[in-house]
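Questions regarding the structure given below will be posed in turn.
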Amino acid sequence: MPSKILKLGEKNEDPGPWSTNILEIGTVGTRKKPCPLCGLWFAEENLTGMSSLKTVLTLKVKWGVKGAQEKLTDSNMTASRLYTGVNMCAFCAQLTMPDPDDEDDAEMFANSPQKTPKKAPKKQEVEVKASTFLQGFLSPEAKSKYK
């Protein structure tokens, strides 16, 4: 419907999209939790990684985070609490994966039934020879390499 031009003193009947006429819509807030390793806040559904609390505390001690050593050695921290799973962000989850090249993590792989990932074998260098056609363009010194 085309807009109507109002005369002086005439009231506009079209409410229009003015903020006074828009109903406020209530939104449900998402529940957020901090990642136990980096401390950043995420929506709960975005904390997709999983690791044990002991792994998180061990990494924090390794990085020199204050208070991590006290939590790790606290007498109230039982084994069942240390080995409970904690949800963490995807970035921190990759930091808790054991690295077979790391000396500290190597013993985990030595005792585990899974085999350590094998490194790709080094490719043997293949001798490249120029075709006889291309050898025709070479200098006499370069040709002598291919004889």
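In this structure, is Met88 at pLDDT 90 or above and at negative phi?
yes
Is there a residue being at pLDDT below 75 and either in contact with a helix residue (DSSP H, G or I) (Cβ under 8 Å, 6 or more places away or on another chain) or surrounded by 10 or more Cβ atoms within 10 Å (Cβ to Cβ) (or both) anywhere in the stretch 59-76?
Among the residues of the stretch 59-76, not one is at pLDDT below 75 and either in contact with a helix residue (DSSP H, G or I) (Cβ under 8 Å, 6 or more places away or on another chain) or surrounded by 10 or more Cβ atoms within 10 Å (Cβ to Cβ) (or both), which makes the answer no.
Six or more apart or on different chains, Cβ under 7 Å: which pairs go from a residue in the stretch 85-104 that's more than 13 Å from Ser52 (Cα to Cα) to one that's among the small types (Gly, Ala, Ser) and at pLDDT below 90? Could you list them?
Sorted first by the residue in the stretch 85-104, then by its partner, the pairs are Pro100/Ala106.
Which of the residues spanning the stretch 58-84 are in contact with a Leu (Cβ under 8 Å, 6 or more places away or on another chain) and assigned to a helix (DSSP H, G or I)?
Within the stretch 58-84, Thr58, Leu59, Lys60, Val61, Ala68, Lys71, Leu72, Arg81, Leu82 qualify.
State the number of residues belonging to the stretch 46-81 that are within 16 Å of Cys92 (Cα to Cα), charged (D, E, K, R) and touching a residue at least 12 places away in the same chain (Cβ under 8 Å).
Residues that pass the stated criteria total 2.
Right, here's the next one. For the stretch 102-129: of the residues being surrounded by 10 or more Cβ atoms within 10 Å (Cβ to Cβ) and at pLDDT 70 or above, which is nearest to the chain's Cα centre (by Cα)?
My answer is Asp102.
A quick yes/no check of all residues on (1) out of contact with any Cys (no Cβ under 9 Å at 6 or more places or on another chain); (2) modelled with pLDDT of 80 or more; (3) aliphatic (A, V, I, L, M); (4) over 29 Å from Asp99 (Cβ atoms):
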{"site": "Glu10", "(1), (2), (3), (4)": "yes, no, no, yes"}
{"site": "Glu13", "(1), (2), (3), (4)": "yes, no, no, yes"}
{"site": "Thr20", "(1), (2), (3), (4)": "yes, no, no, yes"}
{"site": "Leu23", "(1), (2), (3), (4)": "yes, no, yes, yes"}
{"site": "Lys33", "(1), (2), (3), (4)": "yes, yes, no, no"}
{"site": "Glu45", "(1), (2), (3), (4)": "yes, yes, no, no"}
{"site": "Gly49", "(1), (2), (3), (4)": "no, yes, no, no"}
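The values are calculated or read from the model by the stated rules, or taken from the named source; none is laboratory data. It should be emphasised that the depicted structure is a prediction, and the values quoted were computed from it without experimental measurement. Note: ideal-geometry Cβ built from the backbone for every residue, glycine included; neighbour counts use all protein chains shown.
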